[in-house]
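The values are calculated or read from the model by the stated rules, or taken from the named source; none is laboratory data. Since we're looking at a predicted model, the values are computed, not measured. We place every Cβ from the backbone using ideal geometry, glycine too, and count neighbours over all the protein chains shown. Accessible surface is based on the protein model in full, side chains and every heavy atom, while ligands, DNA and RNA are left aside. Shrake-Rupley method; radii C 1.70, N 1.55, O 1.52, S 1.80 Å.
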Amino acid sequence: GGAKYGSMDSVGIVKRVTNYFFDDDEFEAEFERWCEEKCAVVDLDSKTTEQRLEYTSLHEEFKAMYEAKLEGFIEKEGSTVLEFFTAIREAQEVDEHSEEATLGTIMLATTDYSVFMQMMRDFKEGQLKSSHK
């Protein structure tokens, strides 16, 4: 048999959240809309990745929205955020290369400042390219 986790349901919540995070079109569309609306403040000419005040406040706003969405989904699924993160930690302890561990890392990286800024720069560049056609 495979590795045993705290409970099969804890693995289940990670899988359900992952499916929501990666496969839910409405969830994705909402994030894209938010990024498209907010990326105007990003200065692509500035090579520095310094944490300008408007960037850090945008990042805080993004994290709050992201965490609220995640929390709402997890609770709707009958679990808690604590159980979710505990399940990810257990998965990482059992096998850091497991699907649950990897997906947990990706999801947590989304709230990382440098990952966030790269995403916003990508959105801004995409907007500039599409407006110069």
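Only a single item in (1) loosely packed, with under 13 Cβ neighbours inside 10 Å; (2) within 28 Å of SER57 (Cβ to Cβ) is not met by THR111, and it is number (1). Note on the stretch 1-37: residues that are open to solvent by less than 60 Å² (accessible area, probe 1.4 Å) and either at pLDDT 65 or above or basic (Lys, Arg) (or both) amount to 14. The number of residues in the stretch 83-100 being over 13 Å from GLY12 (Cα atoms) and within 17 Å of the chain's Cα centre (by Cα) comes to 1.
When the residues of the stretch 54-102 are filtered to those that are among the aromatic types (Phe, Trp, Tyr) and modelled with pLDDT of 90 or more, the one that is farthest from SER114 (Cα to Cα) is PHE73.
Of the candidates GLN118, GLN51, the single residue that is surrounded by fewer than 16 Cβ atoms within 10 Å (Cβ to Cβ), under 26 Å from ASP25 (Cβ atoms) and either among the polar types (S, T, N, Q) or at pLDDT below 85 (or both) is GLN118. Name the single residue, out of those in the stretch 63-106 being outside any loop (DSSP other than H, G, I, E, B) and acidic (Asp, Glu), that is most open to solvent (accessible area, probe 1.4 Å). Looking at the filtered set, the residue picked out is GLU93. Checked against (1) closer than 30 Å to GLY12 by Cα; (2) outside any helix (DSSP H, G or I), ASP45 passes all but a single condition, namely (1).
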